[in-house]
Amino acid sequence: MPDIIEHSPELKMTAPAQDSPEMLAGFLRINGELRKINADQIAAMAAKTSPKRLWEGPFVQLGNSKVEASFADARTYVYKGKEVDQQTHLGFDLAVTEHVPVAAAAAGTVLNASWLGIYGNCVILDHGMGVQSLYGHLSSFDVQEGQDVKKGQTLGKSGQTGLAGGDHLHFSMMVDGRFVNATEWWDPHWIQDRITRKLRDAGQTGAAPAP
């Protein structure tokens, strides 16, 4: 909590003392209020999308990763035996080893490479036409805002910054600022049927050249 509060001046709060009565109230503000602020910030980035499609083919899951938590998982938070909060997990928690290199799931442009509330050190890529991907809890960055990246290029290393209980990558997909199920975007058949074919039928066959 102290690290998150230090990086979140919008909360206008100081870190409570360890095991103090204020600890729970502080956590609930982070898990609720800050989470909502971050969601609004991410949604606002949809306006920065390229009008051109910057990627080709399916997106790629972090290599050799185990899914620790899935999209739309319902989470219940318990403190001293009592339920204190509920949230919906809008992404995938992917774990390999500590500080594993995190690769871009598809080609795009870096919209964010900085601290982002509950996501800690966070990279957000724009893939064009309203499609964006998020990589949270990183321990370090290898890219900067405005940089064009290729599919598979290292964005940083996994970590446990932000609201994370262990080293892993939080990965999310967004369309027009709304979180969607990344499983579909990892599926080549879904991409072919739901994206490529529909763009072809609409007369928009070409993606932008790879950076």
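Throughout, read-outs are computed from the coordinates displayed, never taken from laboratory work. Predicted model, so just to flag it, every value in this text is computed and none were measured. Cβ placement follows ideal geometry from the backbone for every residue including glycine, while neighbour counts extend to all protein chains displayed.
Of the cross-linked pairs K52/K157; K48/K80; K12/K150; K12/K48; K12/K82, those separated by over 32 Å at the C-alpha level are K48/K80; K12/K150.
The magnitude of the dipole of the chain, with charges of +1 and -1 set on the Cβ of Lys/Arg and Asp/Glu and taken from the Cα centre, is near 560 debye. Show log10 I(q)/I(0) for the chain at q = 0.11, 0.12, 0.17 Å⁻¹, two decimals, from a solvent-free Debye sum over equal Cα scatterers. At q = 0.11, 0.12, 0.17 Å⁻¹ the computed log10 ratios are -0.53, -0.63, -1.18. Sorting 91-101, 71-81 by their mean Cβ neighbour count within 10 Å, with the most densely packed peptide first, gives 91-101, 71-81. The protection proxy used here, the mean number of other Cβ atoms lying within 10 Å of each residue, ranks peptides 157-165, 36-44 as follows, highest first: 157-165, 36-44.
Compactness ratio for the range 1-67: Cα radius of gyration over 2.2 N^0.38 Å (N = residue count) comes to 1.65. Around the Cα centre of the range 1-88, unit charges on the Cβ atoms of Lys, Arg, Asp and Glu (plus for the first two, minus for the last two) sum to a dipole of about 340 debye.
Report, in degrees rounded to the nearest 10, the 0 to 90 angle that the Cα long axis of helix 35-44 makes with the longest principal axis of the chain. The two axes meet at around 20 degrees.
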